[in-house]
1. List the pairs whose first member sits in region 23-41 and is at pLDDT 95 or above, whose second member is surrounded by 10 or more Cβ atoms within 10 Å (Cβ to Cβ) and part of a helix (DSSP H, G or I), and whose Cβ atoms are under 7 Å apart, counting only residues at least 6 apart or on separate chains?
2. Exactly one of these conditions fails for L44: (1) at pLDDT 95 or above; (2) outside any loop (DSSP other than H, G, I, E, B). Give me its number.
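The values are calculated or read from the model by the stated rules, or taken from the named source; none is laboratory data. For clarity, every value in this text was computed on a predicted model and none was experimentally measured. Ideal geometry is used to build each Cβ from the backbone, glycine not excepted, and the neighbour counts take in all protein chains shown.
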Amino acid sequence: MNRLNGLPTEVDLIAQLADLKEVDYKNTLVLTALVELLVEKGILDRQQVIQKARQLDADISLEADDRSLYAN
């Protein structure tokens, strides 16, 4: 990694961002494939997946709110 004074250069940061985008894409692809297979096999239906995603999102939001309350 090219560094100046111990700090990442702009090129390093751009490369890291590109790597993160690739990882995010692959993770999304695998999750989508898993959900599609579970729906196709009748193990889950799309509404169950959507409901669980909303529930998890709400839970994470509540946890973040709790942390911010106790951070002050």
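1. Short answer, once both residue conditions are applied: V35/V49; V39/R46.
2. (2)
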